[in-house]
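The values are calculated or read from the model by the stated rules, or taken from the named source; none is laboratory data. None of the values given here were measured: they were computed from a predicted structure. For neighbour counting, all protein chains shown are included, and Cβ atoms are generated from backbone atoms with ideal geometry for every residue, glycine included.
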Amino acid sequence: MTRGDHWIRPIAAVALAAVTLALPGRAFAQVSAESTTAQSTPPKRSADFLFSRPRGSIGVRGSWLFASAGSDLFDFITTRLTIDKTDFNAPGLGGYVNVGVKSNLDAQFGIEYEKTNQPSEYRDLVDNNLQAIEQTTSLRSLNLTASLRVTLVPKGRSVSRFAWVPARVIPYVGGGGGAVYYEFMQTGDFVDYTDLTVFPDTFRSTGWAPSLHAFSGVDVQVYRSLYATIEGRYTKASAKLGTDFIGFDPIDLSGFKVSAGINLLF
């Protein structure tokens, strides 16, 4: 052994020991860093997750009413004036609140409003200047409703004590009754058929009447507790006319309504 070899062996032993001690420390530091990163990153929450079963929902919908217009008043008007029964179809707006009664049964309360305003003239008559005899006919209604709504599938499911997942698609049917307020009005120029004179005037009738309705629809989940709603509803109602329309049967306020909007669970 040379004099140099005497120093090489101790130095090599010390270096090997240092490397051996350093490696576990480095591995531990890496694992600790990964663990800290994992803890600092919050877990992603499911978009369908709710903390409890909803107590009900509130919604708003736009609608289109296909009016029945089946009474003799509409026959009289459409025969003499340039109005068709389809002109009494009307856009509308409604608001609804559903309150859970049982797992698949809701009590629903709603308010619905429709209005149509149609200009017209006499089909076969003109004035002394050969000008059209013009008027405007309007019909508006406000319907207050109370219904029972039955869902045809479960509204959702509980996955733990503190978690509830709402169903994505919820078809439903229902029905009920209510009260409808209406205003039927004609304003402009009219013809007195006894002597064919033309005179300006306004004819108006208002009142309340009971109503019945049945409906079916579907709620489709958009995000968490927000649903899109599509519904078809038939309403049956008629009301007595005022003294400006003596001799006519009760006005027909029935019709089929198609509506779409949003529904929010609460």
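Would you please name the residue that is surrounded by the most Cβ atoms within 10 Å (Cβ to Cβ), looking only at residues in region 99-113 that are in a strand (DSSP E or B) and not hydrophobic (A, V, I, L, M, F, W, C)? Show your work before the answer.
So in region 99-113, the residues in a strand (DSSP E or B) come out as 99-102, 105-113.
Keeping just the survivors that are not hydrophobic (A, V, I, L, M, F, W, C) gives 100, 102, 106, 108, 110, 112-113.
Values: GLY100: 17, LYS102: 8, ASP106: 21, GLN108: 21, GLY110: 21, GLU112: 25, TYR113: 16.
That would be GLU112.
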Any hit, region 179-186, residues being surrounded by fewer than 15 Cβ atoms within 10 Å (Cβ to Cβ), without any contact (Cβ under 8 Å) to a residue 60 or more places away in the chain, of a type in the set (A, V, I, L, M) and under 30 Å from ARG55 (Cα atoms): yes
Out of THR116, THR197, sole residue that is over 23 Å from ALA237 (Cβ atoms) and either assigned by TED's automatic domain parsing to the domain that holds LEU65 or crowded, with 16+ Cβ neighbours inside 10 Å (or both): THR197
Scope region 119-144; condition surrounded by fewer than 16 Cβ atoms within 10 Å (Cβ to Cβ), more than 19 Å from PHE184 (Cβ to Cβ) and β-branched (Val, Ile, Thr); matching residues: VAL126
Number of positions in region 185-210 that are within 15 Å of ILE133 (Cβ to Cβ), in a strand (DSSP E or B) and of a type in the set (A, V, I, L, M, F, W, C): 5
Residue list for region 25-80, filter: modelled with pLDDT under 50 and part of a loop (DSSP other than H, G, I, E, B): THR41, PRO42, PRO43, LYS44, ARG45, SER46, ALA47
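Within region 96-128, work out how many residues are under 30 Å from ASP192 (Cα atoms) and modelled with pLDDT under 95.
Total meeting the criteria: 1.
Pick out the one residue from GLY156, GLY174 that is surrounded by 13 or more Cβ atoms within 10 Å (Cβ to Cβ), modelled with pLDDT under 95 and assigned by TED's automatic domain parsing to the domain that holds GLY217.
Matching residue, one of GLY156, GLY174: GLY156.
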Whichever residue in region 206-226 is over 21 Å from ILE111 (Cα atoms) and of a type in the set (S, T, N, Q) and, among such residues, is surrounded by the fewest Cβ atoms within 10 Å (Cβ to Cβ): SER225
Contacts under 8 angstrom Cβ, first residue in region 225-254 being among the aromatic types (Phe, Trp, Tyr), partner in a loop (DSSP other than H, G, I, E, B), 6 or more apart: TYR234/SER254; PHE248/SER71; PHE248/LEU241
Selection from region 229-259 of residues that are farther than 18 Å from GLY92 by Cβ and assigned to a strand (DSSP E or B): SER238
Conditions (1) β-branched (Val, Ile, Thr); (2) within 20 Å of VAL180 (Cα to Cα); (3) in a loop (DSSP other than H, G, I, E, B): number failed by ILE83: (2)
Residue within region 213-228 that is assigned to a strand (DSSP E or B), over 18 Å from the mean Cα position of the chain (by Cα) and modelled with pLDDT of 95 or more present: no
Considering residues of region 162-171 that are part of a strand (DSSP E or B) and touching a residue at least 60 places away in the same chain (Cβ under 8 Å) only, the residue farthest from the chain's Cα centre (by Cα): ALA163
Positions within region 195-211 being under 17 Å from LEU125 (Cβ atoms) and of a type in the set (A, V, I, L, M), in sequence order: LEU196, VAL198
